[in-house]
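Coordinate-derived values only; no laboratory data. Just so it is clear, the structure is predicted and the values come from calculations on it, not from any experiment. FYI the Cβ positions are ideal-geometry reconstructions off the backbone, even for glycines, and counts take in every protein chain you see.
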Amino acid sequence: MEAKLNADKTDWSPFPYLDDQDVISVQRGPEPGGLPGAYRAFGETLRGLKTTFGRIIEGPVTIQYPEEKTPVYPRFRGRHKLHRFEDTGLEKCVGCSLCAAACPADCIRVVAEENDPENRVSAGERFAEVYEINLSRCIFCGYCEVACPFDAITMGHDYEMSDYNRSDLIFTKEMLLAEPIDRTPLRSEGE
Amino acid sequence: MSQPIRNAVTLNIDGREVTAPEGTMLVDAAKHGDIEIPVFCYEPKLGEPVGACRMCLVEIEGIPKLQTACSTPIRDGMTVYTQTDRVKGAQNAVVEFLLINHPLDCPVCDKGGECPLQDIAMGWGPGKSRFTDPKRHFQKPLPLSPLVAIDRERCILCYRCVRFSQEISEDEQLVLHERGDRSFVGTFDDRPYIAPFHGNITELCPVGALTSYTYRFRARPWDIEDAGSVCTLCPSQCNVKFTVRDERALRVLARDNEDVDDGWLCDKGRYSFQMLASEERITEPMVRAGDGTLAPVSWEEAISKVAAGLRDAGTASAVLAGGGTSNEEGWLLQRLLREGLSSPNIDSSASGARADLVRELSSPALGSRMRELDYADAILVLDTEPLNEMPILDLRIRKAVRRTGAQLLVASEHPSSLDGGAAEAVRFAPGEAAELIGALAAALGAPGYEDDGPHAEKAKAIAELLRTGPDPVIVWGERLFRTPGAVEALLACAKALGIDKRLGPGLLEVPESANGRGLREVGCLPGAGPGLAPTQTGAAASGIRDGMVNGEIKALLLSEADPVRTHPGSEAWRKALASTFVVSIAMFDDPSTAYANVVLPAESHAEKEGTVTHPDGRLQRVRPNVPRPGQIRPTCQVLTDLAATLGQTWDLPDQPAVLAAMTDDVDFYAGISDETIGGQGVRWQELASGRSWGPAVGGRTDNQGDPPPASAGSGLLLGTYRDLWASEVTERNPALRFLKRGQMLEIAPKDAETMGLENGDGVRVSVNGTSVEARVAIRTRMEAGVGFLAEGLAENNGNALVNGAGTRIEVEKTAPAAEFEAAGMGQKATVLSLEGEAAAR
Ligand code: SF4
Ligand code: SF4
Ligand code: SF4
Ligand code: SF4
Ligand code: FES
């Protein structure tokens, strides 16, 4: 439909089209009743079902979460993990707070303490007495992992962190050091 | 010598016209043009630059080699380049060299995040090192003192700490051992670095080589907030900032103010933040029950109890305001007392300062600014030991002597740590201040004074040196008020010197309490109301005590005051407090609070909002930095509520309102507001209201106690002095506890010989049956016939024996020094235990 400019109207209107003209062309469905009506009711449904029946032989692909879990990619950024040295068992984290400085969500809290040489917690002079991440604020950007000079904190693969209580989402050092109860399956190369 | 006039010099730095006063170093001049030249060793607070680190190299037209900008004064027409390839090459090289032996353990280093070496390596460094050999190694971290850890690997040998120790605090303990890359900082004898200002080196060190044990690993710069306040632990009123993390003060840093502290702090101020969050603090109002225990009550109940007690006493009430009390609180206290209870008995110190003399001494013409010390020709220190009573003043005086060659004169009862640098140091016996100053007045030609006494010779020598230049400054201790006639003589000296006719130089009083000057000016002085206006005379501290004993005074309100500990006559005070209704506004359960019927919690200088007045008349703001713990309420509010309960409606809802009302009331504070005070404070003498100061009229309001009893008996004359560490602060802060000291009887070698005493012997010192235990310390720079005890100790307080001037003591040997040595309490043992303390860190 071609819009006709309301050029010969004498009284000026901000709307430059004639009142009885549609500005946009509207696709109208067929009027109800008759053959066109029946087509309207079932035609498109059948078109969709064609695809359904066409693929039914492939079997179900639904993943039965939470009994089953989607494997994640190796670089997936899930819940953080703190690490220990494998040989000595000392914590890698020295409590330097660089992760806290890097965190854009300001959700890491580190309170450092001095190591007792007799009873070391970490390898350096200091260790993290308190290490907390408030996962309800974390945006999983991974900056903390990048900032850490000792690879003490890395983004793990767990993504199941929902809880009933906000304060339960503050993960302490012990929780972050512990192995996750359930391992999230990892997608292998090329999968 | 007066403040030199410095002309403006114009030079060209990196193509920018820069104008700065002559004598400025290039580094500082560059800042006028917004150009930054990196530095490590340069710190103007430390005096002359040394050019040790070479970080500040710049190219100057006409000079073939690169020059250190920190030690090159500017010249007119100089052309300087800081960005050329040559300069960049040199900067890269210096950083690369510095990092060769630097461990780069930033993640575990306490300085990380606020480290000049990090910043400069980032901004001016080459980015990588070509050095692949092993680095130099030291054992680390080691205790340099019980409070400071040293990491020698991180040291970049900038000499700042050594210069501080050698040239600022002049304790001369820190030196640089060895040569070349083996150099390391340590004390000359490898003992712990124990000195009253040593905490400053942790702030000076541009790397993490010197760190405080109290702040070690507590927080990073991004975890903290900084807020400024004023330290009210002594009259220095240093400008401080608290490092606050999670609403707790973790560190105290200097907030440089050349007019007050010159950028230094004493260790008492620096390490006393621990007591703020102490478990021992009183955090709720308490009332003493019948069985003598304190039970917490609601504020309303406490206030009504206080009001009832005060109302009962009526005109027989009294107030003692202590050093931590702010001007506002002092003003409210005196108003509460004078208006609410029609009682005139209020005092703020133990000296018995006379209102008429205070009025005369407060004249702007007589007073001296702190800064004036830097330009003084001669400095006379009269019966005060700045190190103990106003520590920062000690550094300021040393600076004047060292940098501008001021003549230092010391006249005191007790040997002074300034004696060493003094051109003339004289001793006089306790109670003889008036004679000595009188002789000085005579030597200076003041009318009405004659010099024929035993002090004439010494006085002449001092007078002569005082006249070396036109600008003398006399630093005197409020203690002089304790000797009748001494302050009058001092005024005569000042007039004879023409001090009142010249702007600038003058008298600087060292008050006995932190806000001593402010409290008097707002009216906490018997016989002087707000603005020192003459009012009805009341009892001074000693009068209040005696009045309490004999029943004339029935109620006492203590505001952050602990007379049992700090005032003469501890036993009499105990008796007085035990026999009356006592209300104590206190932070801790101190010896006086132990007698209080009602205890109200006090705010600390990190929580309070208010103003204080520096001994030179500078009003400064105390700001809240951390939340008030527990139930603590602002004292201003408590006093207003109390007044309301007593039927006084003041309509002073908060501190700003009180400040406004107070400045209205105190003539010479007129026009002072939070804005005029600002971050640096303002001297009222320099405002319009102060300049119009007229000698306030008002008769002599004599509130001096009884004349001192004539010295009788044959024993040693008792002298007392205040010790920096003999205070509650030392005991309430774990970090400072190792400095807690025992009582010592200081005597001259001659007396020791006649009495058969040796250094370290245990003695019992008694006066009229009261006695204290002490250890003998023989001091060579003392007059014979006098024995000195320290005031303010928790046990064996020297104040217990003081009983007016001219007290004589009996000394009885209780145990020989060897016995103490054997019991591990000897001098050697003390040093060892300190080392042990340090090593235990
Ligand atoms: S992933 Fe990002 S938001 Fe989460 S803790 Fe690390 S830095 Fe903070
Ligand atoms: S996790 Fe890494 S960056 Fe964070 S405090 Fe520990 S060591 Fe420092
Ligand atoms: S001194 Fe500075 S550069 Fe050196 S380790 Fe400490 S933070 Fe890093
Ligand atoms: S310890 Fe610090 S202040 Fe002292 S010389 Fe070394 S780097 Fe300089
Ligand atoms: S700052 Fe100039 S040589 Fe160190």
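Please compute, over every Cα-Cα pair in region B:133-277, the percentage with a separation greater than 25 angstrom. Roughly 30 percent, once rounded to a whole number.
For the protein assembly as shown, the pair-distance distribution built from all alpha carbon pairs, in bins 20 Å wide starting at 0, is 11, 35, 31, 14, 6, 3, 0 percent. Distances between placed amide hydrogens fall under 5 Å for B:VAL319 paired with B:ILE346, B:ASP347, B:LEU557, all partners being 5 or more residues away or on another chain. Expressed as an acute angle from 0 to 90° and rounded to the nearest 10, what is the orientation of the C-alpha long axis of helix B:391-404 relative to the principal long axis of chain B? Result, in degrees: 50.
The separation of region B:648-680 from region B:104-161, counted between C-alpha centres, amounts to 48 Å.
Could you please rank B:ASP291, B:ASP223, placing first whichever residue has the fewest other Cβ atoms within 10 Å of its Cβ? Mind showing how you got there, number by number?
Details: B:ASP291 6, B:ASP223 20.
Listing B:ASP291, B:ASP223 from fewest to most nearby Cβ atoms yields B:ASP291, B:ASP223.
Projecting the Cα positions of B:VAL612, B:ALA555, B:ILE5 onto the charge dipole of the protein assembly as shown (unit charges on Cβ atoms of Lys, Arg, Asp and Glu, taken about the Cα centre) puts B:ILE5 furthest along the positive direction. Pairwise Cα distances in region B:316-393 exceed 17 Å for 65 percent of all pairs. Only the Cβ atoms of Lys and Arg (+1) and of Asp and Glu (-1) were treated as charged; on that basis the dipole of chain B about its Cα centre amounts to roughly 1360 debye.
Each Lys and Arg adds +1 at its Cβ and each Asp and Glu adds -1 at its Cβ; summed about the Cα centre, the protein assembly as shown shows a dipole of about 1200 debye.
A convex hull fitted around the alpha carbon atoms of region B:8-83 yields 81 Å³ per residue. Taking 23 Å as the straight-line reach from the Cα of B:LYS554, the lysines in range (excluding those fewer than 8 positions away in the same chain) are B:LYS305, B:LYS575. Residue by residue, region B:647-652 carries 3J(HN,Hα) couplings of x, 10, 9, 9, 6, 10 Hz when phi is fed to the Karplus relation 6.51 cos²θ - 1.76 cosθ + 1.60 (θ = phi - 60°); x denotes Gly or Pro. Of the GluC sites (Glu not before Pro) in region B:408-515, which ones lie in a loop per DSSP and count no more than 14 other C-beta atoms within 10 Å? The qualifying sites are B:GLU450. Calculated [222 nm] ellipticity per residue, helices only, for the protein assembly as shown: -7000 deg cm²/dmol; basis is -39500 (n - 2.57) per DSSP H run with n ≥ 4, divided by all residues, nearest 500.
Please tell me the relative contact order of chain B in percent, rounded to the nearest whole number, where contacts are Cα pairs under 8 Å and at least six residues apart.
Value for chain B: 12 percent.
Loop-located trypsin sites (Lys or Arg not before Pro) in region A:49-103 (DSSP state not H, G, I, E or B) with no more than 14 neighbouring Cβ atoms inside 10 Å: A:ARG75.
If you take all other residues with their beta carbon under 9 Å from the beta carbon of A:ASP151, and give Lys and Arg +1 and Asp and Glu -1, the sum is 0.
Note on chain A: Lys pairs 8 or more places apart or on different chains, Cα atoms under 28 Å apart, count 5.
Centre-to-centre, using Cα atoms only, region B:341-415 and region A:160-191 are separated by 66 Å.
Count the DSSP beta bridges whose two residues both fall in the protein assembly as shown, then state the antiparallel fraction as a percent rounded to the nearest 5. Before the final figure, lay out each step's value.
Numbers: 75 of 125 bridges.
Counting DSSP beta bridges with both partners in the protein assembly as shown, the antiparallel share is about 60 percent.
In a shell of Cβ-Cβ distance under 13 Å around B:TRP124, excluding B:TRP124 itself, what net charge do Lys and Arg (+1) and Asp and Glu (-1) give? The answer is -1.
Taking Lys and Arg as +1 and Asp and Glu as -1, the other residues whose beta-carbon sits under 11 Å from that of B:ARG245 total 0.
What does DSSP give for region A:80-177 in terms of the percent of beta bridges that are antiparallel, rounded to the nearest 5?
95 percent
Dipole of the protein assembly as shown computed with +1 at Lys/Arg Cβ and -1 at Asp/Glu Cβ about the Cα centre; of B:CYS109, B:LEU789, B:VAL426, farthest Cα towards the positive end is B:CYS109.
Just the number, please: percent antiparallel of the DSSP beta bridges in chain B, rounded to the nearest 5. Walk me through the intermediate numbers first.
Numbers: 60 of 108 bridges.
Looking only at bridges with both residues in chain B, the antiparallel portion is about 55 percent.
Going by alpha carbons, how many degrees (0 to 90, nearest 10) lie between the helix axis of B:456-466 and the longest principal axis of chain B? Between the helix axis and the principal axis of chain B, the angle is about 40 degrees.
Using DSSP to call loops (not H, G, I, E or B), can you name the chymotrypsin sites (Phe, Trp or Tyr not before Pro) in region A:82-132 whose Cβ has at most 13 other Cβ atoms within 10 angstrom?
On the way: sites: A:PHE85, A:PHE127, A:TYR131; in loops: A:PHE85.
For chymotrypsin sites (Phe, Trp or Tyr not before Pro) across region A:82-132 that sit outside H, G, I, E and B with at most 13 neighbouring Cβ atoms in 10 Å, the list reads A:PHE85.
With Kirkwood's inverse mean 1/r over C-alpha pairs for Rh, give me the Rg to Rh ratio of chain B, two decimals please.
Details: Rg = 27.8 Å, Rh = 28.5 Å.
Radius of gyration over Kirkwood radius for chain B works out to 0.98.
Checked against a 22 Å cut-off, the cross-linked pairs B:LYS45/B:LYS88; B:LYS399/B:LYS501; B:LYS111/B:LYS608; B:LYS31/B:LYS268; B:LYS460/B:LYS750; B:LYS111/B:LYS140 give Cα-Cα distances beyond that limit for B:LYS45/B:LYS88; B:LYS399/B:LYS501; B:LYS111/B:LYS608; B:LYS31/B:LYS268; B:LYS460/B:LYS750.
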